[in-house]
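Participant: The following block contains the structure, expressed as C-alpha cells.
The values are calculated or read from the model by the stated rules, or taken from the named source; none is laboratory data. Because the structure is a prediction, the values reported are computed rather than measured. Note: ideal-geometry Cβ built from the backbone for every residue, glycine included; neighbour counts use all protein chains shown. Ligands, DNA and RNA are stripped out before the accessible areas are found, and what is left, the full protein with its side chains, is counted by its heavy atoms. Shrake-Rupley method; radii C 1.70, N 1.55, O 1.52, S 1.80 Å.
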Amino acid sequence: TRTPVNVTVTGAAGQIGYALLFRIASGQLLGADVPVSLRLLEIPQGLKAAEGTAMELDDCAFPLLRGIEITDDANAAFSGANVALLVGARPRTKGMERGDLLSANGGIFKPQGKAINDHAADDIKVLVVGNPANTNALIAQAAAPDVPAERFTAMTRLDHNRAISQLAAKTGAAVTDIKRLTIWGNHSATQYPDIFHAEIAGKNAAETVNDEQWLADTFIPTVAKRGAAIIEARGASSAASAANAAIDHVHTWVNGTPAGDWTSMGIPSDGSYGVPEGIISSFPVTTKDGRYEIVQGLDINDFSRARIDASVKELTEERDAVRELGLL
Ligand code: NAI
C-alpha cells in the first residue's frame, strides 16, 4: 500500500478548516487512491475545538485517512509535510492599520515559513489561504531559503471560480464551457479578473459579451467584492467556497490543468508580464506533474494593463511595508 501523504492544515479549528478537512480526508485534495495523514496546527485556544473536529473525522471512517495529529507546535505540525495549507491568520480588527495587520501576520507566517524550511519533506507544496494571502506567502517563502521559492503559492482560485460563475450567469453558458479565465495580481479588491483571453464554448469571451461597461462596472467589481457581499448576506465570511477553492488549487497543481485550459494561482513572479520578480502575484498558469508554468505570450490590451499594474502596485507596496518591518 502507498505511504500516506502528510497534509498540514493551520487554523484547523476555524470555519474554513471545518469545511476543508473532511474533503481532504475523503480524497478530494489529492485523489481517490491517495491515503492522507493530517497534521492540524492551532493556537492553544483552538486545540480543543480541533480535537472535536478530529473526533468527527474519526466518525466518518474515511478509508483514505491514516492518522490525525493535533498540535500548537509549528515544528511538529510541519514535520515531514508534503502539502501545507496555511489557513490560520490574524484577521483585521477594528481600528487596525495595514502596518499592524502585516506585522501581526508576519508574527505567524515568518515562524511557520522557518518551520517548513527546517522540517517539511523535500517535495513540500505550500498554499497560503490566510489573508493578506499573497504577502503572507511572501513572508513565509522568505523565511524558507532552503525550499525552492516556487513551492510557495497564494490562493486566488476562489476569485477565479467566482469569475467563471459570474460569466456563466451573464452569458447563459455552462461553467464547464468557460476556459482560460485569468485572475491577475493580488487577492484583494484590486484583483483583475480578465476575460479577454477567456473562451466560452470555444469563442472569445470578451467578444461574446461585447459590453465593456458591464465588464468595468459590474463584472470586475462583483468578483472583487464578492467576499464582502457574502459577509453581508451570511453574517460570516466565505468558508465552504474558500475550502472548495483550496481543494481545487492543490488538486490542479498536483494533477494538472486540462488540455486547452489554464487556472489562476498566486505565485512568485519571474518578471513575466512586467510583474516585478519575486512578488507573489496571480497569473494564468498551466500545471503538469506537480509543476506549474506561467502562460506566456498573451496580448495585454490597455484596459487590462492599467488594472494589472494597479494590483501589482498594491503588492509591491505590501512587499515594501513588510520589508521595512524586517519580515523579509
Ligand atoms: P477563522 O477565524 O474561522 O479561523 C481561523 C483559525 O486560525 C482560528 O481557529 C484560529 O485559532 C487559527 N489561528 C490563528 N492563528 C494561528 C496560528 N498562528 N497558527 C495556527 N492557527 C491559527 O477564519 P476562517 O474563516 O477560517 O478564515 C481563515 C483565513 O482565510 C482568513 O485570513 C480569511 O481572511 C482567509 N480567507 C482567504 C480567502 C482567499 O480567497 N484567499 C477566502 C476566504 C478567507
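Participant: Say whether the condition of being crowded, with 22+ Cβ neighbours inside 10 Å and away from the ligand (no atom under 11 Å from the Cβ) is met by at least one residue in the range 82-97.
Facilitator: Within the range 82-97, one or more residues are crowded, with 22+ Cβ neighbours inside 10 Å and away from the ligand (no atom under 11 Å from the Cβ).
Participant: Still on this structure, please answer the following. Kindly provide the set of residues from the range 51-79 that are small (G, A, S), farther than 11 Å from L38 by Cα and open to solvent by less than 50 Å² (accessible area, probe 1.4 Å), ordered by number.
Facilitator: Of everything in the range 51-79, those that are small (G, A, S), farther than 11 Å from L38 by Cα and open to solvent by less than 50 Å² (accessible area, probe 1.4 Å) turn out to be G52, A74, A76.
Participant: Taking the range 116-165 as the search range and keeping residues that are surrounded by fewer than 19 Cβ atoms within 10 Å (Cβ to Cβ) and of a type in the set (S, T, N, Q), which one is farthest from the ligand (Cβ to nearest atom)?
Facilitator: The qualifying residue farthest from the ligand (Cβ to nearest atom) is N117.
Participant: Here's another thing I want to ask about it. Just to be sure, is S37 outside any helix (DSSP H, G or I), touching a residue at least 12 places away in the same chain (Cβ under 8 Å) and of a type in the set (G, A, S)?
Facilitator: The answer is yes for S37.
Participant: I've got another one for you. Among strands (runs of 3 or more DSSP E) lying entirely in the range 230-328, which contain 3 or more residues that are open to solvent by 30 Å² or more (accessible area, probe 1.4 Å)? Before you say what the answer is, go through the steps one by one.
Facilitator: Numbers: elements: 263-268, 280-288, 291-294.
Output list reads 291-294.
Participant: What about D58, is it out of contact with any Pro (no Cβ under 8 Å at 6 or more places or on another chain) and modelled with pLDDT under 95?
Facilitator: no
Participant: Inspect the range 199-216 for any residue being modelled with pLDDT of 95 or more, open to solvent by 50 Å² or more (accessible area, probe 1.4 Å), assigned to a loop (DSSP other than H, G, I, E, B) and within 25 Å of I308 (Cβ to Cβ) and give the result as yes or no.
Facilitator: yes
Participant: Applying the selection to the range 2-18, what residues are at pLDDT 95 or above and open to solvent by 10 Å² or more (accessible area, probe 1.4 Å)?
Facilitator: P4, V5, N6, G11, A13, G14, Q15, I16, Y18
Participant: For the range 56-136, please list each of the strands (runs of 3 or more DSSP E) lying entirely inside it that holds at least 1 residues being of a type in the set (K, R).
Facilitator: Those strands (runs of 3 or more DSSP E) span 65-71, 125-128.
Participant: Regarding the range 54-70, can at least one residue be identified that is of a type outside the set (A, V, I, L, M), within 11 Å of the ligand (Cβ to nearest atom) and either touching a residue at least 24 places away in the same chain (Cβ under 8 Å) or touching a His at 6+ places or on another chain (Cβ under 7 Å) (or both)?
Facilitator: no
Participant: Of all residues in the range 1-18 being β-branched (V, I, T) and in a loop (DSSP other than H, G, I, E, B), which is farthest from the ligand (Cβ to nearest atom)? Break it down into steps so the answer makes sense when it comes.
Facilitator: Kept after step one, since they are β-branched (V, I, T), are these residues of the range 1-18: 1, 3, 5, 7-10, 16.
Filter again for in a loop (DSSP other than H, G, I, E, B), leaving 1, 3.
Values: T1: 31, T3: 26 Å.
Looking at the filtered set, the residue picked out is T1.
Participant: Conditions first: (1) in contact (Cβ under 8 Å) with a residue 40 or more places away in the chain; (2) crowded, with 18+ Cβ neighbours inside 10 Å; (3) within 16 Å of the ligand (Cβ to nearest atom); (4) not basic (K, R). L21 passes all but one, so which condition is the exception?
Facilitator: (1)
Participant: When the range 40-51 is examined, which residues are found to be touching a residue at least 24 places away in the same chain (Cβ under 8 Å) and not charged (D, E, K, R)?
Facilitator: L40, L41, I43, P44, G46, L47, A49, A50 - these are the residues of the range 40-51 that are touching a residue at least 24 places away in the same chain (Cβ under 8 Å) and not charged (D, E, K, R).
Participant: Please work out if I183 is within 16 Å of the ligand (Cβ to nearest atom), closer than 21 Å to P276 by Cβ and either open to solvent by 20 Å² or more (accessible area, probe 1.4 Å) or in contact (Cβ under 8 Å) with a residue 24 or more places away in the chain (or both).
Facilitator: Considered against the rule, which asks whether it is within 16 Å of the ligand (Cβ to nearest atom), closer than 21 Å to P276 by Cβ and either open to solvent by 20 Å² or more (accessible area, probe 1.4 Å) or in contact (Cβ under 8 Å) with a residue 24 or more places away in the chain (or both), I183 comes out as yes.
Participant: Kindly evaluate T222 against the criterion of being within 16 Å of the ligand (Cβ to nearest atom), among the β-branched types (V, I, T) and more than 23 Å from G17 (Cα to Cα).
Facilitator: yes
Participant: Which members of the range 24-50 meet the condition of being within 8 Å of the ligand (Cβ to nearest atom) and open to solvent by 20 Å² or more (accessible area, probe 1.4 Å)?
Facilitator: Hits for the range 24-50 are E42, I43, Q45, A49.
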